[in-house]
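Quick notes on the structure that follows.
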Amino acid sequence: MIFIRNNYIILIKLLTVLILLINCSSNKTENQTNVSNDIETYRSGLSSLQDGNYDKAVKEFDNLNINHPFSSLAKKSEIMTAYSLYQNNEINKSISKLKTFNEMNPKDEFSDYAHYLLAMCYYIQISNQGRDPSLSLKALNSFKLITTKYPNSKYAKDSKLKIQFIKNSLAINELNIGKFYLKKHAPASSIKRFKTILQKYQNSSAIPETLYRLTEALLMMGLIEEAIKSNAILKYNFPNNEWSNLSEDILSNISSTGQKESFTSSIKNYLSTIFD
């Protein structure tokens, strides 16, 4: 009896070990299948993206996030979803995805690219000159964030180039509005626009014409001394520019004053009024 009982106990132990081994093997196989599935799904999404099938790519990357939220590829697939939407010209959806990602992952390894792609979403929507510049300002601020928060990122150099382009675009937009006011004989409103350019976009390509148009506006207001100073600044800083050449005749019939102070001193005072 004792022998039979001992055999029975040993048999139970062997069955228990066997069941545990089967469960472990089953779990291992299931995990391997899950890992394989997320990798295959990600590769399939990339393939669809390369083929230009952006709708399918979005679905596959989204499926990876839903079915494998703890996968090492989950966060990367979120970015790829946003990029697929961007390529499919679904810009607002891409912006929404990227904003959510940046809020949830402020220090992720893909954060610099997420911010860059968000900036590009605004950048490609920049409207024609004379339209609402709000998207230009959003793009400008987004690119600035990259250069300040991620100065060593591979996207920083291109962001700097984009910033300069946007500044030129915004300056030209302000210049066109100022010229519109000039045509409508509203020089005071145009002067306000021209001073905005001189204050905010000092390195933009619009500065020479801005100084020329500012001179025109000041003459319309009867502010001859200020007009002479504006014209002098133009000629001094841009001696070979086309607007400097055009300005040679603008004050040809007006004599310079300089009775109370030297001309150099008066220019400095004028500059302080522009950039205060």
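Here, each number is a calculation from the coordinates, and none is a lab measurement. What you see is a predicted model, and the numbers here were worked out from it, not measured in a lab. Because the Cβ atoms are built from the backbone with ideal geometry, glycine has one as well, and the counts that use them run over all protein chains shown.
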In this structure, the FRET efficiency calculated for residue 104 and residue 67 from their beta-carbon separation, with R0 = 22 Å, to the nearest 0.05, is 0.75
In whole Hz and in residue order, list the ³J(HN,Hα) couplings for segment 112-121 that follow from phi through the Karplus curve 6.51 cos²θ - 1.76 cosθ + 1.60, θ = phi - 60°; x for Gly and Pro.
4, 5, 4, 5, 5, 5, 4, 4, 5, 4
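How many times 2.2 N^0.38 Å is the alpha carbon radius of gyration of segment 65-134? Walk me through the numbers before you get to the answer.
On the way: Rg = 13.5 Å, N = 70, 2.2 N^0.38 = 11.1 Å.
Taking the Cα Rg and dividing by 2.2 N^0.38 Å, one obtains 1.22.
In what sequence do 104, 221 fall when counting other Cβ within 10 Å, fewest first?
On the way: 104 10, 221 14.
The fewest-first ordering by Cβ neighbours comes to 104, 221.
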Lysines near residue 184 by alpha-carbon distance under 20 Å, same-chain residues fewer than 8 away left out - which ones?
192, 195
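With only alpha-carbon pairs counted, each pair once and no self-pairs, how large is the Kirkwood hydrodynamic radius of segment 87-197 in angstroms?
For segment 87-197, inverting the mean 1/r across all distinct Cα pairs yields 15.3 Å.
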Taking only the alpha carbons of segment 146-190, what extent do you get along each of the three principal axes, in Å, biggest first?
49, 14, 7
Going Cα to Cα from residue 76, which lysines come in below 22 Å? Please leave out same-chain ones fewer than 8 positions away.
56, 59, 93, 97, 99, 107, 149, 154
Using θ = phi - 60° and the Karplus form 6.51 cos²θ - 1.76 cosθ + 1.60, what ³J(HN,Hα) does each residue of segment 91-103 get, whole Hz, x for Gly and Pro?
5, 4, 5, 5, 4, 4, 4, 5, 4, 4, 4, 5, 5
Length-normalised contact order of segment 34-95, Cα under 8 Å, at least 6 apart, in percent, tallies to 31 percent
From Cα pairs below 8 angstrom and at least 6 apart in sequence, can you work out the relative contact order of segment 69-202, rounded to a whole percent?
15 percent
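Direction-averaged shadow area of the convex hull around the Cα atoms of segment 34-95, nm²? Intermediate results must be reported in sequence, preceding the final value.
Values: hull surface 14.2 nm².
Result: a mean projected hull area of 3.5 nm².
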